[in-house]
1. Kindly provide the Kirkwood hydrodynamic radius of region 22-64 in Å, to one decimal, from all pairs of distinct alpha carbon atoms.
2. Could you tell me whether region 47-168 comes out rounded, prolate or oblate from its Cα gyration tensor? Rule is a ≥ b ≥ c as square roots of the eigenvalues, rounded for a/c under 1.5, then prolate if a/b exceeds b/c, otherwise oblate.
3. Could you tell me which of rounded, prolate or oblate describes region 97-147, using a ≥ b ≥ c as the square roots of the eigenvalues of the alpha-carbon gyration tensor, with rounded for a/c under 1.5 and, failing that, prolate when a/b is larger than b/c and oblate otherwise?
4. Can you give me the Cα centroid spacing of region 107-124 and region 40-75 in angstrom?
5. Can you compute the radius of gyration and Dmax for region 23-97, using only the Cα atoms, both in Å?
6. Residue by residue through region 44-49, which ³J(HN,Hα) values in whole Hz follow from phi under the Karplus form 6.51 cos²θ - 1.76 cosθ + 1.60 (θ = phi - 60°), with glycine and proline marked x?
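Nothing in this text is a laboratory measurement; each read-out follows from the coordinates by a stated rule. Quick caveat: nothing in here was measured; it's all calculated off a predicted structure.
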Amino acid sequence: MATAGPEAAGAAAAAEGSEAGNGGRDGYDRKCVFCRIARREEPGTALLPCEDEDLVCFRDIKPGAPHHYLVVPVKHMGNCKTLKTEHIPLVKRMMEVGKAVLQKNNFSDLNDVRMGFHWPPFCSIPHLHLHVLAPASQLGFFSRLYYRINSYWFITTKPSACFTKTFY
């Protein structure tokens with residue numbers, strides 16, 4: 001009977017983790033709908049032009065504003081609670097992609113935009129995604145609550161805010 005070394009055990013654990021929906025070493029979780037969208041495995045979701053190869057952008061399936069997009073890393077990442085200081089450049093790039101997509105879709109008043117993350121347990125998909133909503137002035141009643149600025153459940157993006165969220 002052959003025994004496997006630590007490398008084989010690690011590879012098996014990574015594969016098992018990926019199959020179990022926990023993400024594998026390649027940054028892909030086949031049970032994560034955003035991972036599948038990022039790899040173009042969900043034909044019902046059209047990706048919008050994005051100039052950052054590490055990010056994808058698409059329309060939210062339940063839009064809260066006339067322009068409601070999600071900017072998502074291609075590699076699987078946990079929700080915003082898993083962000084660390086080293087992720088600030090990523091969050092900034094996500095914001096830049098969101099602004100660019102708005103401009104490509106003929107929205108130019110960047111002072112009337114809301115961008116942010118839902119704070120756990122209020123995020124429905126456990127893959128980091130930035131909500132980009134515009135015009136913020138046209139959010140409906142429920143959307144104003146659901147995407148409320150720096151509420152207990154939604155934090156708007158000044159990148160540093162994602163890394164200092166505390167509750168008392």
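1. Details: mean 1/r = 0.0876 Å⁻¹.
That comes to 11.4 Å for region 22-64.
2. Oblate, since a/c reaches 1.5 and b/c is not below a/b.
3. It is oblate, given that a/c is not under 1.5 and a/b is not larger than b/c.
4. A separation of 14 Å, based on Cα centres.
5. Over region 23-97's Cα set, Rg and Dmax evaluate to 12.5, 37 Å.
6. Ordered by residue, 3J(HN,Hα) equals x, 10, 8, 7, 8, x Hz.
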